[in-house]
Amino acid sequence: MILDEIKEALIEGNKEKVKSCVRQALDAGLAPSAIINDGLISGMQVIGVRFRNEEIFMPEVLVAANAMQAGMNIVKPLLIGDVEIASKGTVVMGTVKGDLHDIGKNLVIIMLQGSGFNVIDLGVDAAAEKFVEAVKQHRPQVVGLSALLTTTMAQMKRTVEALKQSGVKVMIGGAPITKKFADDIGADGYAPDAVTAVDLTRELLG
Ligand code: B1M
């Protein structure tokens with residue numbers, strides 16, 4: 001069945017095949033929500049499990065995430081009015097002020113979307129005030145902060161402090177970040193990679 005083909009193509013990281021199967025599925029009249037839930041998300045879940053079991057590593061996750069993104073790009077514009085996608089929760093994500101690195105953040109976003117979460121992306125160079133504003137506007141359950149520079153880690157502390165009153169859970173990550181740093185600044189959790197970030201989000205949602 002075409003949804004299984006989408007899932008398999010995503011697991012293989014075959015971007016072109018994912019795109020052509022998604023188009024075929026749409027031509028056959030399948031709902032965008034079914035393509036996302038039973039094809040793309042279902043494939044990404046397998047990738048998450050294989051990564052956790054150390055059967056595959058980050059480069060393979062990146063390739064699968066890329067294929068997922070290609071499929072999502074085709075179906076997402078058609079989602080308006082399709083109410084079958086039940087979001088598992090909302091996450092506001094951004095790279096902190098002064099930091100322009102977004103490859104890791106985008107990977108975390110794709111994995112979260114691939115696991116059924118609604119993600120609001122604040123982009124890069126996002127100041128603490130921007131996160132506070134986004135929390136007021138979107139009422140997320142979790143906020144995710146990414147930083148790749150030792151010099152921008154201090155912005156995480158500022159942002160965690162600024163968000164304290166809102167009661168929202170904050171997870172942090174990025175190459176220089178450690179669990180100890182997360183504890184020191186009062187963040188609710190630290191994830192070393194995109195797959196763990198999804199587990200952590202589920203955990204923070206209780
Ligand atoms: Co920059 N850079 N860079 N850079 N860059 C690093 C980070 C650096 C380690 C390179 C080095 O010197 N060896 C170094 C930082 C040194 C330090 O602070 N200790 C560095 C530097 C110094 C700089 C500039 C200052 C260089 C300059 O201009 N003199 C400058 C800063 C610009 C700025 O931000 N203000 C700069 C610029 C750039 C580019 C623009 C050229 C480009 C970024 C392009 C982009 O992101 N769109 C870039 C790149 C590509 C890198 C390296 C090579 C790769 C980063 C990357 O994308 N990794 C990097 C060296 C390296 O890491 N090998 C480097 C792949 C990505 C998938 O991994 O981002 O770690 P990562 O994300 C992982 C996890 O960390 C985690 O999940 C991801 C997937 O597993 N994760 C989270 C990330 N965010 C998370 C959030 C979570 C949970 C998990 O929850 C919310």
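Which percent of Cα pairs goes in each bin when the distances of segment 1-100 are cut into 5 angstrom slices starting at zero?
Answer for segment 1-100: a P(r) of 2, 13, 22, 20, 18, 13, 7, 3, 1, 0 percent.
Could you name the aspartates and glutamates whose alpha carbon sits less than 16 Å from that of residue 76, not counting residues in the same chain fewer than 8 places away?
Here the aspartates and glutamates satisfying the reach criterion relative to residue 76 are 27, 38, 84, 121.
Hey, got a sec? Which GluC sites (Glu not before Pro) in segment 1-109 land in a DSSP loop and have at most 13 other Cβ atoms within 10 Å?
Qualifying residues, ordered by number: 54, 55, 84.
Could you give me the ³J(HN,Hα) list for segment 43-59, computed from phi with Karplus coefficients 6.51, -1.76, 1.60 and θ = phi - 60°, whole Hz, x at Gly and Pro?
Residue by residue, segment 43-59 yields x, 5, 5, 5, 4, x, 5, 5, 5, 4, 7, 6, 7, 9, 10, 3, x Hz.
Give a residue-ordered list of calculated ³J(HN,Hα) values for segment 101-116 (Karplus: 6.51 cos²θ - 1.76 cosθ + 1.60, θ = phi - 60°; whole Hz; x for Gly, Pro).
Here the 3J(HN,Hα) series is 6, 10, 5, x, 4, 5, 5, 4, 4, 4, 5, 5, 5, x, 9, x Hz.
Rg and Dmax of segment 1-50 over Cα atoms: what are they, in angstrom?
Computed over the Cα atoms of segment 1-50, radius of gyration and Dmax are 9.9, 31 Å.
For a 20 Å ceiling on Cα separation, which of these pairs sit above it: 7/169; 105/179; 136/179; 19/88; 88/169; 88/180?
7/169; 136/179; 19/88; 88/180
Tell me, what is the FRET efficiency for residue 62 and residue 129 to the nearest 0.05, using R0 = 25 angstrom and their Cβ-Cβ distance as r?
So, using R0 = 25 Å, E works out to roughly 0.20.
Kirkwood Rh over alpha-carbon pairs of the chain, then Stokes-Einstein at 37 °C and 0.692 mPa s: what D in µm² s⁻¹, rounded to an integer?
Approximately 189 µm²/s, per Stokes-Einstein.
Could you check the simple spin-label distance between residue 103 and residue 87, using points 7 Å along Cα→Cβ, in nm with one decimal?
The two pseudo-label positions are separated by 2.9 nm.
Could you state the angle between the C-alpha long axis of helix 128-138 and the longest principal axis of the C-alpha atoms of the chain, as a value from 0 to 90 degrees rounded to the nearest 10?
50 degrees
Picking from 27, 38, 125, which is most flexible by a Gaussian network model of the chain using Cα springs under 10 Å?
27
Would you mind telling me which residue in 41, 109, 177 has the biggest mean-square fluctuation in a Gaussian network model of the chain, where springs connect alpha carbons within a distance under 10 angstrom?
177
How far apart, in nm, are two points set 7 Å out from the Cα along the Cα-to-Cβ line at residue 46 and at residue 20?
With each label placed 7 Å out from Cα toward Cβ, I get 1.8 nm.
Report, in degrees rounded to the nearest 10, the 0 to 90 angle that the Cα long axis of helix 15-27 makes with the longest principal axis of the chain.
60 degrees
Going by amide H atoms built from the backbone, whose H comes under 5 Å of the H on residue 99, apart from near neighbours?
125, 126
Here, each number is a calculation from the coordinates, and none is a lab measurement. As the structure is a computational prediction, the values presented were derived from the model and not from experiment. FYI the Cβ positions are ideal-geometry reconstructions off the backbone, even for glycines, and counts take in every protein chain you see.
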